[in-house]
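First up is the structure itself, then whatever we jot down about it.
The values are calculated or read from the model by the stated rules, or taken from the named source; none is laboratory data. Keep in mind the model is a prediction, meaning the values are calculated, not measured. Glycine also receives a Cβ, built like all others from the backbone with ideal geometry; neighbour counts cover every protein chain displayed.
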Amino acid sequence: MEWFVKAFLKASLASLALGVSLGLAMAAHPPWTIHRVAHMHLVLLGFVTMMIYGVGYHVVPRFAGHALHSARAAGWHWWSSTVGLAFMIVGFMLRAVLPTSGTWILVAGGSLSAIGAYLFVYVIWRTVDGSPAAQAAVARARESANAARRAPLPNLPVSSR
């Protein structure tokens, strides 16, 4: 399993634990419900989306029958999404007490998270399509199969029994 697949899965599980902990804290101390947007992003963007990214990077190449288009881009995706999520959570929590600073941190985190999502779309899309060499090989195989179907059958001797 690639390092970034493990990293996405572990980040997902850590986000779930943090999201559940924040949810419990909000239930125990109702004034902290001001941080419910941070809680929501920890669970949805952190747990759900990171799990989808990790499983997607592991499973899609196997389903598509092609190697992952770029492990390097997938690694950058992990960094962008993880740092972006951390900034977003800090930004949402700071926004309650320091609106201007919190908003700028939130914008930076949201931008990094969006870059990560775009990288995921790019890598998975290219993986599903396969490399240009693989696409050319598939096209040659299809053409060869079509040519074989169009070829006339040879005249075979008929036995007269």
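Summary table below
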item	result
Residues that are β-branched (Val, Ile, Thr) and more than 15 Å from Ile89 (Cα to Cα), drawn from segment 1-48	Val5, Val48
Hits in segment 18-32 - residues which are of a type in the set (A, V, I, L, M, F, W, C) and surrounded by 14 or more Cβ atoms within 10 Å (Cβ to Cβ)	Leu18, Val20, Leu22, Met26, Trp32
Segment 128-150, subset within 30 Å of Tyr57 (Cβ to Cβ) and not aliphatic (A, V, I, L, M), residue surrounded by the fewest Cβ atoms within 10 Å (Cβ to Cβ)	Pro132
Residue match in segment 54-62 (condition: among the aliphatic types (A, V, I, L, M) and either in contact with a His (Cβ under 8 Å, 6 or more places away or on another chain) or over 30 Å from Ala136 (Cα atoms) (or both))	no
Selection count where residues are more than 22 Å from Ser113 (Cβ to Cβ) and buried (at least 16 other Cβ atoms within 10 Å of the Cβ), scope segment 33-63	1
Set Thr100, Thr49: member being over 30 Å from Ile124 (Cβ atoms) and among the β-branched types (Val, Ile, Thr)	Thr100
Cβ-Cβ under 6 Å pairs, at least 6 apart or on other chains, segment 101-116 side assigned to a helix (DSSP H, G or I), far side aromatic (Phe, Trp, Tyr)	Ile105/Phe87; Ala108/Phe87; Gly109/Phe87
Filtered residue count, segment 52-88, keeping only those that are over 13 Å from Trp125 (Cβ atoms), touching a Ser or Thr at 6+ places or on another chain (Cβ under 8 Å) and modelled with pLDDT under 95	1
Count of segment 20-45 residues which are without any contact (Cβ under 8 Å) to a residue 40 or more places away in the chain and within 20 Å of the chain's Cα centre (by Cα)	3
Only one of Val121, Val90 that is part of a helix (DSSP H, G or I) and surrounded by 13 or more Cβ atoms within 10 Å (Cβ to Cβ)	Val90
